[in-house]
1. Could you check the stretch 14-35 and list, in sequence order, the residues that are modelled with pLDDT of 75 or more and small (Gly, Ala, Ser)?
2. The conditions are (1) at pLDDT below 75; (2) part of a helix (DSSP H, G or I), and GLY52 fails exactly one of them. Which is it?
3. Could you check, for the stretch 101-109, whether at least one of its residues is in contact (Cβ under 8 Å) with a residue 60 or more places away in the chain, farther than 20 Å from ALA10 by Cα and open to solvent by 60 Å² or more (accessible area, probe 1.4 Å)?
4. Looking for something in contact with a helix residue (DSSP H, G or I) (Cβ under 8 Å, 6 or more places away or on another chain), within 19 Å of PHE28 (Cβ to Cβ), in a loop (DSSP other than H, G, I, E, B) and in contact (Cβ under 8 Å) with a residue 40 or more places away in the chain - is there at least one such residue anywhere in the stretch 68-87?
5. If you check every pair at least six apart or on different chains, which have Cβ atoms under 6 Å apart with a residue in the stretch 110-122 that is over 13 Å from ALA63 (Cβ atoms) first and a residue that is of a type in the set (A, V, I, L, M, F, W, C) second?
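The values are calculated or read from the model by the stated rules, or taken from the named source; none is laboratory data. Quantities reported herein were computed from a predicted structural model and do not represent experimental measurements. Counting neighbours? That spans all protein chains shown, and the Cβs are built from the backbone with ideal geometry, glycine included. Note: accessible area is taken over every heavy atom of the protein model, side chains too, but ligands, DNA and RNA are not part of it. Shrake-Rupley method; radii C 1.70, N 1.55, O 1.52, S 1.80 Å.
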Amino acid sequence: MTTVIGWDHALFHAINGQQGNPLLDFFFYWGTEFGAGYVAIPLGLVVIRLAGAKGGWPMVWRALLLGTVVCSLGASLKLLFVRPRPLATLQDVHVLGPKLYDLSFPSGHSMTAFCVTALVPSLL
């Protein structure tokens, strides 16, 4: 596991560096907020309902079920993999948004993107 954490640190520094770019910081902060469950779930449900998707309310219930399953699976996988967040193991990290110290893998934002991607074909 030490090798994996070392690789995580090297990759994190290669991607993020030590300083931020104000324009990119703004873009990535707000882009990340759209992936947060408290934004993505209500917004997604409203879009599904207003879009008049095939099936209407049954589609909303499928979205809620998929979200519940993916969140539960993600929480379980976080406990299985136990990958710390950069703030828990690195010094001088440039952070956008709240400082999180809990487990990082799999990413909640990635799981939200999976849910959206899984639901989009049924809207077409």
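1. Passing the criteria: only GLY31.
2. Of the numbered conditions (1) at pLDDT below 75; (2) part of a helix (DSSP H, G or I), the odd one out for GLY52 is (2).
3. Checked the stretch 101-109: at least one residue is in contact (Cβ under 8 Å) with a residue 60 or more places away in the chain, farther than 20 Å from ALA10 by Cα and open to solvent by 60 Å² or more (accessible area, probe 1.4 Å).
4. No, the conditions are met nowhere in the stretch 68-87.
5. Hits for this filter: MET111/VAL70.
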